[in-house]
Amino acid sequence: MLHLGWGLVGAAVVLNSSWWFIVVAQILYVLSGVCGEAWSGFSFQAFQNLRGFVRLSLASAVMLCLEVWYFMALILFAGYLENAEVSVDALSICSNILGWTIMASFGMNAAVSVRVSNELGASHPRAAKFSLTVAVISSFLIALILSLILIIFREQYPILFSNDPEVRKAVIELTPMLALCIVINNIQPVLSGVAIGAGWQASVAYVNIACYYIFGIPLGLFFGFFLDFGVLGIWSGMLSGTVLQTLVLFYMIYRTDWNNEASLAEERISKWGGLKDLNISENGENRQTN
């Protein structure tokens, strides 16, 4: 165990060092001036209009914190059940598996937020909408495959995490719920990424408060404690909050006028000086002005 502990410490040190090396390399790359016209050097203009960026950053932080805290509350509430030790162990295993499986959707979240914002900024509303469709379908298919694997091997995989028969039995019983949660939670981050790319962070933060903390948590506590459904009841109620949030985001996106969003993005670029040397033609193509 001692050798294993030192090995983990060494791996952490190497990983941390590699991250610092990457950061330093990126800084040197930027300072080298090989970025061409993409970056012309430091300027005090970078500090102009910071209020809008700070506002979006704070809204994004609130939106993401509300989502993370929501799933952490699931394990917290399970600690008050009768067989709390088994419930918390089983939920911890399921939560870790869920965290691993939604890494792909988090990547989609970052990718689609950048792609949507870029396409809207370039006055390509149809491309932004198409990017959303591709990201949602891709993330859904990945989640569906992973869920099917868990369902097929639900009798075998729990032994990888625990030697306790009660914990393994609880994980097996929770696997269908876990599979459903994987599918839903692989779609929701993509929609959140679209919201980030379109600048809807503040609106989504309010949606999260309503769906998660006003609807999902009370419903989960009602199922789990009042109706005595246990950990499955708590999870079902809180998953209902996620489903409601996903449906609301779908509705927001469905009702979105992407041409109007592209116009708003163009206004923001003009406000922040992005169109100083760039003229955007009517057909969406960019051409450099004299």
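Note on Thr133 and Ile184: with the Förster distance fixed at 22 Å, the Cβ-Cβ geometry gives a FRET efficiency of about 0.75. Across the range 78-86, computed HN-Hα scalar couplings (Karplus, 6.51 cos²θ - 1.76 cosθ + 1.60, θ = phi - 60°) run 5, x, 9, 6, 4, 9, 5, 4, 5 Hz from first to last residue, x flagging Gly and Pro. The stretch between Asn83 and Ser57 holds 5.3 nm of extra length on full extension. This uses 0.36 nm per residue minus the Cα-Cα distance.
Extending 7 Å from Cα along the Cβ direction at Trp69 and again at Ser92 yields two label points whose distance is 2.3 nm.
Rank the residues Val243, Val190 as a footprinting-exposure proxy: fewest other Cβ atoms within 10 Å of their Cβ go first. Intermediate values should be presented prior to the final figure.
Working: Val243 16, Val190 27.
Lowest to highest Cβ neighbour count: Val243, Val190.
Given their separation in residues at 0.36 nm each and the Cα-Cα distance between them, Glu166 and Ala202 gain 8.6 nm when the chain is fully extended.
On the basis of the beta-carbon distance and an R0 of 45 Å, Ser263 and Ile152 show a calculated FRET efficiency of 0.40.
Remark: spin-label model distance Leu227-Leu144 equals 2.8 nm, labels positioned 7 Å along the Cα→Cβ axis. Going by the alpha-carbon gyration tensor, a ≥ b ≥ c the square roots of its eigenvalues, is the range 112-232 rounded (a/c under 1.5) or, if a/c is not under 1.5, prolate (a/b greater than b/c) versus oblate? Judged from the Cα gyration tensor, the range 112-232 comes out oblate (a/c at least 1.5, b/c at or above a/b).
Ordered by the number of other Cβ atoms lying within 10 Å of each residue's own Cβ, fewest first, Leu98, Leu74, Leu120, Leu264 fall into the sequence Leu264, Leu98, Leu74, Leu120.
The order of Val167, Val114, going from fewest to most other C-beta atoms within 10 Å of their C-beta, is Val114, Val167.
FYI, it's all coordinate maths here, none of it is from the lab. Keep in mind the model is a prediction, meaning the values are calculated, not measured. Ideal geometry is used to build each Cβ from the backbone, glycine not excepted, and the neighbour counts take in all protein chains shown.
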